[in-house]
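In what follows, a single structure is set out as structure tokens and then discussed.
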Amino acid sequence: MSTASVVVEYHEEPDKSDGDSKLYRALTLSNGLRAMLISDSYIDEPSIHRTSRESLNSSTENFNGKLAACAVLVGVGSFSEPQQYQGLAHFVEHMIFMGSEKFPVENEFDSFVTKSGGFSNAHTENEETCFYFELDQSHLDRGMDLFMNLMKAPLMLPDAMSRERSAVQSEFEQTHMRDEVRRDQILASLASEGYPHGTFSWGNYKTLKEGVDDNSLHKEIHKFWRDHYGSNRMVVALQAQLSLDELEELLVRHCADIPTSQQNSIDVSQLNYQKAFREQFYRDVFLVQPVEDVCKLEMTWVLPPMKDFYRSKPDMFISQLIGYEGDGSLCAYLRHRLWCISVVAGVAGSSFDSNSI
């Protein structure tokens, strides 16, 4: 397939520092998929931190020592899931890895990536879901074929639901006792009616199993994928020690036939951030017994979406002023009286704290 026939537009090259030797190309395909290609001559170490799904296999033969990476960001997350299936977006993320129409063997992609000296993982946020992998560059073409077919036509068979539901439950059990997670759930319980940040985005047995009909859930999984996993909702980042033209050829070969979606994502930008929480949020003080050995006073303000201010970053400026620890600072004043160890301010990076509302 000719790349010229499917590339709709080449975009301006992004700004980069003087010391950045990488080459970049931003483009949009005819199916609406946007991509950033990164040609890098100096990729010699894994670039993404490995977590639960990820593993390395150093015994694999035919490695050339060059690493390549690919990520797909889909513009849908827990804000778009139906109220009766809380955690569905996270569940769909898990189910997508369970084989595709072209490659129906369950976990074939994960197995191939591991044998190719790499790793894969994914995470679901409120407004986006990200899938990514890294492997030896000599296996990139095959890896992308397996990976992109999970986006094009995942099987998500009923037989896999029980196993992946257990995986979602396991992740919930590993994290639900963390103080920051408990804090987020307290705040979520104070969300105003009709605001999506009040849902339980993690998902567990209670929301995806107890009192849930598996046939209905299976239909809802496929509906969610059909409605939201379209090429026009995807952004691909592809990085390797290949020329930009070679990367573009790979992109077109594996992504040009991803179908589009006619369903729009939920537009939370129309919601009034000043009304995002009920009166109790502004009125009450919550005393929480921490899991960790810590004594903390936390004060929370509701701000407009910070993505609208990404160039000036006023939140970071104010955070630096409040968190400054030098002479005359709030921190120095409190420390002098033995009232605190540290003062921290800022908008957290989680999608609960920073989103489009």
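Looking at V236, V252, V212, can you tell me which residue is closer than 26 Å to S350 by Cα and either modelled with pLDDT under 95 or in contact with a helix residue (DSSP H, G or I) (Cβ under 9 Å, 6 or more places away or on another chain) (or both)?
Step by step, each of V236, V252, V212 is checked, and only V236 is closer than 26 Å to S350 by Cα and either modelled with pLDDT under 95 or in contact with a helix residue (DSSP H, G or I) (Cβ under 9 Å, 6 or more places away or on another chain) (or both).
Within segment 255-298, track down each residue that is in contact with a helix residue (DSSP H, G or I) (Cβ under 9 Å, 6 or more places away or on another chain) and over 30 Å from L33 (Cα atoms).
A276, F277, F281, F286, V288, P290, V291, E292, V294, K296, E298
Does I341 qualify as being without any contact (Cβ under 8 Å) to a residue 60 or more places away in the chain, more than 27 Å from T124 (Cα to Cα) and within 28 Å of the chain's Cα centre (by Cα)? Reasoning before the result, please.
Numbers: without any contact (Cβ under 8 Å) to a residue 60 or more places away in the chain: yes; more than 27 Å from T124 (Cα to Cα): yes; within 28 Å of the chain's Cα centre (by Cα): no.
In short, no.
For segment 242-260, which positions are more than 25 Å from the chain's Cα centre (by Cα), surrounded by fewer than 21 Cβ atoms within 10 Å (Cβ to Cβ) and in a loop (DSSP other than H, G, I, E, B)?
The answer is S243, and nothing else.
Would you check which residues across segment 58-81 are at pLDDT 65 or above and either part of a loop (DSSP other than H, G, I, E, B) or among the charged types (D, E, K, R) (or both) and list them?
Taking segment 58-81 and keeping what is at pLDDT 65 or above, we get 64-81.
N64, G65, K66, G75, V76, G77, E81, listed by residue number.
Any residue that is closer than 22 Å to N31 by Cβ and either touching a Phe, Trp or Tyr at 6+ places or on another chain (Cβ under 6 Å) or at pLDDT 95 or above (or both) - is there at least one of those in segment 187-202?
no
I need the full set of residues from segment 3-21 which are in contact (Cβ under 8 Å) with a residue 40 or more places away in the chain and in a loop (DSSP other than H, G, I, E, B), in order please.
Across segment 3-21, the qualifying residue is only V6.
Being part of a helix (DSSP H, G or I) and not aromatic (F, W, Y) is the filter here; which residues of segment 261-276 pass it?
V268, S269, Q270, Q274, K275
Quick grid of which residues meet (1) touching a residue at least 60 places away in the same chain (Cβ under 8 Å); (2) under 27 Å from V181 (Cβ atoms); (3) not assigned by TED's automatic domain parsing to the domain that holds Y273:
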residue	(1), (2), (3)
R283	no, yes, no
V291	yes, yes, no
C295	no, yes, no
E298	yes, yes, no
S312	no, no, no
L321	no, no, no
Y324	no, no, no
S329	no, no, no
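Can you confirm whether S120 is under 22 Å from G65 (Cβ atoms) and within 19 Å of the chain's Cα centre (by Cα)?
Taking the combined requirement at face value, the residue satisfies it.
Among A153, A188, which is outside the structural domain of F277 (by TED's automatic domain parsing) and touching a strand residue (DSSP E or B) at 6+ places or on another chain (Cβ under 6 Å)? Write out each step before concluding.
Details: A188 fails: touching a strand residue (DSSP E or B) at 6+ places or on another chain (Cβ under 6 Å).
Sole residue among the options that is outside the structural domain of F277 (by TED's automatic domain parsing) and touching a strand residue (DSSP E or B) at 6+ places or on another chain (Cβ under 6 Å): A153.
If you scan segment 154-174, which residues turn out to be farther than 22 Å from W202 by Cβ and either under 19 Å from the mean Cα position of the chain (by Cα) or crowded, with 16+ Cβ neighbours inside 10 Å (or both)?
Matches in segment 154-174: L155 only.
Can you tell me which residue is surrounded by the most Cβ atoms within 10 Å (Cβ to Cβ) among those in segment 284-339 that are among the polar types (S, T, N, Q) and within 24 Å of L271 (Cβ to Cβ)?
Going through segment 284-339, the residues among the polar types (S, T, N, Q) turn out to be 289, 300, 312, 319-320, 329.
Adding the requirement that they be within 24 Å of L271 (Cβ to Cβ) leaves 300, 312.
Details: T300: 11, S312: 9.
Per the stated criteria, the residue is T300.
Under 20 Å from the mean Cα position of the chain (by Cα) and part of a strand (DSSP E or B): does that describe H94?
Against the criterion (under 20 Å from the mean Cα position of the chain (by Cα) and part of a strand (DSSP E or B)), H94 does not qualify.
The values are calculated or read from the model by the stated rules, or taken from the named source; none is laboratory data. Just so you know, these numbers come straight off a predicted model, no measurement behind them. Don't worry about glycine lacking a Cβ; one is built from the backbone with ideal geometry, like all the others, and counts go over all protein chains shown.
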